[in-house]
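Enquirer: Please see the structure below; I have some questions.
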Amino acid sequence: MNKIHLSGFNCGNNKLVGASIHYLYTWIKKNGFRKTIDAGEKLSGITEHSIFTIESGAWRLLIGGHKVINIIGPGGIVVLDHQPPSYTGPSGRYEVLSRSTYYELPMENIHLAAADRNLLKGIFDFMTWNTSNLSSKWLNQCLGDSYAEVKSALEWMNELPNSIREKFTAISFVTDTTGVSRSHALSIMKALKQGGYIEMEGGHLIKITKTLPEGY
């Protein structure tokens, strides 16, 4: 069985992406097949290579079977394809976190973009932005500096919509997205809370109240 390769990001925030990627999102939604999926379910009846837009709900993408590399919510784009049998790198998988409405477009239909300059720009901008985004997250997760990893995870969590953030305790999010042990992550978060850098309630991150320090 070929390994799955996943990539994707949220494009609902106008501050992060340009009009071209929003154009791509709208185009996929217009030309794709509208579907719904419940939390915990697996995609069915899809082609081997598809691109999706998420209208509602939330998915998370994992690399190597367990480490979270991204969380995709409303306004997001997800690409799914299958690596060739010769591929020996880590496989990816997805989890549907909540009931979602999405639009699926088989990659073979992307040829419709050939005469649309705005769409072609959206595709190239998506590829560039997505590669940069995933590379940055992967680098932060592999730094070997526990504080830097926890800091990055908390800043990432702080940017997520409340509807997604409330699904995770802060410690579960940090341990799922870093290689830091639970006990060490808790000690770092305790110090940040005592220093007035983060606001917590019932184990959930409410907000980062001031810029996190560069060192611990």
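Enquirer: For Lys193, state whether it is at pLDDT 85 or above and touching a strand residue (DSSP E or B) at 6+ places or on another chain (Cβ under 7 Å).
Expert: Against the criterion (at pLDDT 85 or above and touching a strand residue (DSSP E or B) at 6+ places or on another chain (Cβ under 7 Å)), Lys193 qualifies.
Enquirer: If a residue must be closer than 23 Å to Ser163 by Cα, surrounded by 12 or more Cβ atoms within 10 Å (Cβ to Cβ) and either without any contact (Cβ under 8 Å) to a residue 24 or more places away in the chain or of a type in the set (Val, Ile, Thr) (or both), how many such residues does region 175-216 contain?
Expert: The qualifying residues number 10.
Enquirer: Only one residue in Ile4, Ile54 is among the hydrophobic types (A, V, I, L, M, F, W, C), at pLDDT 90 or above and within 19 Å of the chain's Cα centre (by Cα), so which one is that?
Expert: Selected residue: Ile54, the only one of Ile4, Ile54 that is among the hydrophobic types (A, V, I, L, M, F, W, C), at pLDDT 90 or above and within 19 Å of the chain's Cα centre (by Cα).
Enquirer: Looking only at residues in region 170-190 that are over 19 Å from the mean Cα position of the chain (by Cα) and not in a helix (DSSP H, G or I), which one is modelled with the highest pLDDT?
Expert: Ser181
The values are calculated or read from the model by the stated rules, or taken from the named source; none is laboratory data. Computed from a predicted model, the values in this text were never measured in an experiment. Positions of Cβ are backbone-derived with ideal geometry, glycine not excepted, and every protein chain shown enters the neighbour counts.
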